[in-house]
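These notes are about the structure you will find just below.
The values are calculated or read from the model by the stated rules, or taken from the named source; none is laboratory data. What you are looking at is a predicted structure, and each value in this text was computed from that prediction instead of being measured. A quick note on method: Cβ atoms are made from the backbone with ideal geometry, for glycine too, and the neighbour counts reach across all protein chains shown.
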Amino acid sequence: MRTALFPGSFDPFTLGHQAIVEDGLKIFDKIVVGIGSNSEKNGLLTVENRRRLIEDLYNDNDRVDVSVYSELTGEFCRKIGAQFLLRGMRNTVDYEYERNMMVVNQMLFPEITTVLLFTPPKYVAVSSSMIRELLAFGGDPTQLMPDKIDINNYL
């Protein structure tokens, strides 16, 4: 079984994230959405609410699991038996970051292959930080989030 870990902070989960999962399901048998901690990002949602939000979105899809982890991403891949890291790219800034992460991960975890998928063009401007900013100023991020998600239920 080809299992991929799609790691991120997902604070919150966006249409871009959803598109990467959907494209990934065309390639992999199972995708684990792994919610990791990132000390550089200020949180909007608790980790538990992020997990619940994503589980609610995929509750009818047995090929998608959601887990929270606190170890190195490669160590978590080993723990869950994932042979692949699934990552999304919106632009050249993402590419530079992902390429550097892939090089380090390849040195530390040579058995894990990184697979980069392009975010669909209509979502390249969508980011979790943009949604957090919209919410901070009273904006409505509905158009940037999956249809099943009402962010107010998780705040």
Checked segment 143-155 for anything over 15 Å from the mean Cα position of the chain (by Cα), of a type outside the set (Phe, Trp, Tyr) and surrounded by 14 or more Cβ atoms within 10 Å (Cβ to Cβ); matches are ILE149, ILE151
Here the residues within segment 98-119 that are assigned to a loop (DSSP other than H, G, I, E, B) and surrounded by 17 or more Cβ atoms within 10 Å (Cβ to Cβ) are PHE109, ILE112, THR119
Here the residues within segment 120-134 that are assigned to a helix (DSSP H, G or I) and closer than 12 Å to ILE20 by Cβ are TYR123
Given the conditions (1) in a helix (DSSP H, G or I); (2) aliphatic (A, V, I, L, M); (3) at pLDDT 95 or above, every one holds for VAL93 apart from (3)
Here the residues within segment 81-97 that are surrounded by 15 or more Cβ atoms within 10 Å (Cβ to Cβ) and out of contact with any His (no Cβ under 9 Å at 6 or more places or on another chain) are ALA82, GLN83, PHE84, LEU85, LEU86, ARG87, MET89, ARG90, ASP94
Only one of SER37, SER70 is at pLDDT below 95 and more than 23 Å from ILE131 (Cβ to Cβ), namely SER70
